[in-house]
1. Every residue in the range 123-141 that is free of Cβ contacts under 8 Å to residues at least 40 places away in the same chain, surrounded by 11 or more Cβ atoms within 10 Å (Cβ to Cβ) and assigned to a helix (DSSP H, G or I), please.
Amino acid sequence: MTRGSKFEVSKFDGHGNFGLWQTRVKDLLAQQGIQKGLRAEKPKGMEDDDWQDLQEQAAGMIRLCLADEVMYYIMHLKSTDEIWKKLESQFMSKTLTTKLYLKQRLYGLKMQEGTDLGQHVNIFNQVVTDLASLEVKIEDEDKAMILLCSLPPSY
């Protein structure tokens, strides 16, 4: 992939999967070569002006990936660190209720006979990823067992 490649990230409107959107924005920043702008502190050896430029570029890229209704939450913030923290606190709930809901969803996941296996695995992976973003660790062996138990007997 060349530097001239164009990538688009859907604007986050406060609905949908924030963790997935955040990962895509981080990938976009990496593709643009400005992912260091996400750091809370200036890298050693970097000039102050260069750091300021990098912060502004990264913050601008994040803002461009937000819908208007979400922009209002962060438009007064300057650093990428402040922007990420505000967005995470607003849209990535780490409450016990959220963890419980996701665990129930994971353990209760059942694929119906005749439905698409790929779609089922995608849903499974989404729930596992959402739990991981809430710092809930699930061992690979447990993931495999849960996924296998969620399949119909024909598998």
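1. Just the residues of the range 123-141 that are free of Cβ contacts under 8 Å to residues at least 40 places away in the same chain, to begin with: 123-125, 127-128, 131-132, 136-141.
Those still in the list that are surrounded by 11 or more Cβ atoms within 10 Å (Cβ to Cβ) too: 123-125, 127-128, 131-132, 136, 138.
Correct list: I123, F124, N125, V127, V128, L131, A132.
Table: residues versus (1) surrounded by fewer than 15 Cβ atoms within 10 Å (Cβ to Cβ); (2) within 30 Å of I146 (Cβ to Cβ); (3) of a type in the set (V, I, T).
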{"residue": "H15", "(1), (2), (3)": "yes, yes, no"}
{"residue": "M61", "(1), (2), (3)": "no, no, no"}
{"residue": "C65", "(1), (2), (3)": "no, no, no"}
{"residue": "Y73", "(1), (2), (3)": "no, no, no"}
{"residue": "H76", "(1), (2), (3)": "yes, no, no"}
{"residue": "R105", "(1), (2), (3)": "no, yes, no"}
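Where a number appears in this text, it was derived from the coordinates with a stated rule and is not lab data. These numbers come from a predicted model, not from an experiment. Counting neighbours? That spans all protein chains shown, and the Cβs are built from the backbone with ideal geometry, glycine included.
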